[in-house]
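A.B. asks: If you scroll down you'll find the structure; I have some questions about it.
Where a number appears in this text, it was derived from the coordinates with a stated rule and is not lab data. Predicted, not measured: the structure shown is a model, and the values here were computed from it. Glycine also receives a Cβ, built like all others from the backbone with ideal geometry; neighbour counts cover every protein chain displayed.
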Amino acid sequence: MAGLLTAVAVGLYWPGATLLARARWSHRAPRAAVLLWQATGIAGALAAVGAGLSVALAPLHQSVIDGLRSVMAQTRAGRPFQGLGLYAALGLQLATDVTIVLVLGLSLTFVRTRRSRARHRQLLRLVACRTERAPGALVLDDHRAAAYCLPGLRPQIVVSTGVLGRLTSDELSAVLAHERGHAHGRHGIVMLPFASLDTLLGWVPYARHAREQVAGLLEMAADDYAVRRIGREPLVSALLGMAGFGATPSCALGASSIGIPVRISRLRDPEHRSKHVAAWALFAAVAVMIVPVVGLLVR
Amino acid sequence: MARLGDLERQVMEILWAGFGSELTGRDVAARLPGHAYTTVLTVLGRLEHKGLVRRERSHTTHRYAAIETREAYVAEVMHEALEGTSDRDAALVRFAQTVSGREAGVLRRALERPEKGRPPR
């Protein structure tokens, strides 16, 4: 079982993630594709932890879950490593330590992100204002173009006067709808674990791909939200209008490998969304979860 | 809370208006009619705690000043919006990233030549 679980973990985090990152069908069902990325991440983690545990618990001749239960019972009885042998006990200790370090690392990046968001929110409260042209949004007085959604308990949409000056009112409505899509879908919260994982374990192919891809897929999901409410044309021309100027070398931060040209050509395809593809992606998400879960339950 | 937030903003405006000089709590309170001196001191204390205001003691009085200009804070916010924050977190979700030179070329061509399959307006 340890071999199978290891194969699943490595397979999902390396070739699996690379394949999924290359897939173009995901653009036709971005939200389902994000779910598949999430399922892949959880399934891989379960498989990896399960593989370690199943090696450590092998002397007990039980499934991982039952083995853990036995160890727990033994711990309560005061002899946690009974029947395990030295190497298994060390392995168990190592698996526990790695899990703790991972959880701590992720919590740390969560806290850092929260702090920098709080600072950003505080500064906005002091320097931004409101205007009738952009209802529901805070306006920053700056000639450069920026439109974004500051995630949080109450997500805040922000635009700069540079945007207000350059876009028609239809285009502006489309941009605001796109940002409301981010706020409505809680994309900041969806993104957080992926960003943390990449910061923590950037050398794992899954971590790198997932962050880039999910960032781009969430943009597409927000595009779809804006198209449903405002329409396709204003959004496309707003994207062109905002991306065409201030063209500096692209920065890597939070940026997605799915660029604006990809988003625009996607929106121009009349069949840019597909329920079929979404259904298959959801099916794949469930399927990906089954193997590691079974692996933990069966001996 | 919301009222305190508004007051923070007003106090900062006063400190920014006199940027370069330091004001006493009394100076600030005098420019905020309708607010008690103690309230103003509380707000100044909060702003100091948040790292937006510095306080200096001269003789018996405390003098307050904004640490950065208003423009510097706008620039900080814009920098995070355009470049992301330094510690590579997902603080913001942006509408459009900055575009590389190659991408800008693609976009310009797209602007000049509308693609087929574009639905009629």
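A.B. asks: Counting other C-beta atoms within 10 Å, which of A:T161, B:T24 has the fewest, and how do the rest follow?
C.D. replies: Going from sparsest to densest Cβ surroundings: B:T24, A:T161.
A.B. asks: Toward the positive end of the charge dipole of segment A:89-201, about the Cα centre and with charges on Cβ (Lys, Arg +1; Asp, Glu -1), which of A:L167, A:L201, A:H184 goes farthest?
C.D. replies: A:H184
A.B. asks: Considering only chain A, what is the antiparallel percent among its DSSP beta bridges, to the nearest 5?
C.D. replies: The antiparallel proportion sits near 55 percent.
A.B. asks: With an 8 Å Cα cut-off and a minimum separation of 6 or more residues, compute the relative contact order for segment A:132-254 in percent.
C.D. replies: In percent, rounded to a whole number, it is 25.
A.B. asks: DSSP H helices in chain A with Cα extent of 15 Å or more along the helix axis and mean Kyte-Doolittle hydropathy at least 1.0?
C.D. replies: Helices passing the filter in chain A: A:30-56, A:187-200, A:275-297.
A.B. asks: If you bin the C-alpha pair distances of segment A:86-207 every 10 Å from 0, what whole percents do you get?
C.D. replies: Percent of pairs per bin, in order: 12, 32, 26, 16, 8, 5, 2, 0.
A.B. asks: Test of understanding: ordering A:L86, A:L297 by Cβ neighbours within 10 Å, fewest first, what list do you get?
C.D. replies: Going from sparsest to densest Cβ surroundings: A:L86, A:L297.
A.B. asks: Right, another one. With +1 on each Lys and Arg Cβ and -1 on each Asp and Glu Cβ, and nothing else charged, work out how big the dipole of segment A:2-297 is about its Cα centre, in Debye to the nearest 20.
C.D. replies: Charge dipole of segment A:2-297: 500 debye, to the nearest 20.
A.B. asks: Something else: If a/c stays under 1.5 just call it rounded; otherwise compare a/b with b/c (prolate if a/b is bigger, oblate if not). Do that for segment B:2-66, with a ≥ b ≥ c from the square roots of the Cα gyration tensor eigenvalues.
C.D. replies: rounded
A.B. asks: How would you rank A:R79, A:R208, going from fewest to most other Cβ atoms within 10 Å of each one's own Cβ?
C.D. replies: A:R79, A:R208
A.B. asks: OK, next. Segment A:202-238: which chymotrypsin sites (Phe, Trp or Tyr not before Pro) are DSSP loop and have at most 12 other beta-carbon atoms within 10 angstrom?
C.D. replies: A:W203
A.B. asks: Can you list residues whose amide H is under 5 Å from A:Q156's amide H, if they're 5+ apart or on another chain and H is modeled 1.01 Å from N?
C.D. replies: Amide H to amide H, under 5 Å and 5 or more residues apart or across chains, A:Q156 pairs with A:L150.
A.B. asks: Which whole-number percent is the relative contact order of chain A (Cα, under 8 Å, 6+ apart)?
C.D. replies: Relative contact order of chain A: 29 percent.
A.B. asks: For Cα pairs less than 8 Å apart in space and 6+ apart in sequence, what is the mean separation divided by the residue count of segment B:2-66, i.e. the relative contact order in percent?
C.D. replies: Value for segment B:2-66: 38 percent.
A.B. asks: Give the distance, in whole Å, between the Cα centre of segment A:32-61 and the Cα centre of segment A:268-299.
C.D. replies: So the separation of the two Cα centres works out to 17 Å.
A.B. asks: If you keep only loop residues by DSSP, which GluC sites (Glu not before Pro) in segment B:52-81 have at most 16 other Cβ atoms within 10 Å of their Cβ?
C.D. replies: The qualifying sites are B:E68.
A.B. asks: Let me know the shape class of segment A:1-137, please: from the alpha-carbon gyration tensor, a ≥ b ≥ c as square roots of the eigenvalues, rounded when a/c is under 1.5, otherwise prolate if a/b is greater than b/c, or oblate.
C.D. replies: oblate
A.B. asks: Would you mind giving the mean number of other chain beta-carbons within 10 Å of the Cβ of each residue in B:47-60, as a whole number?
C.D. replies: Shielding by partners across B:47-60 averages 1.
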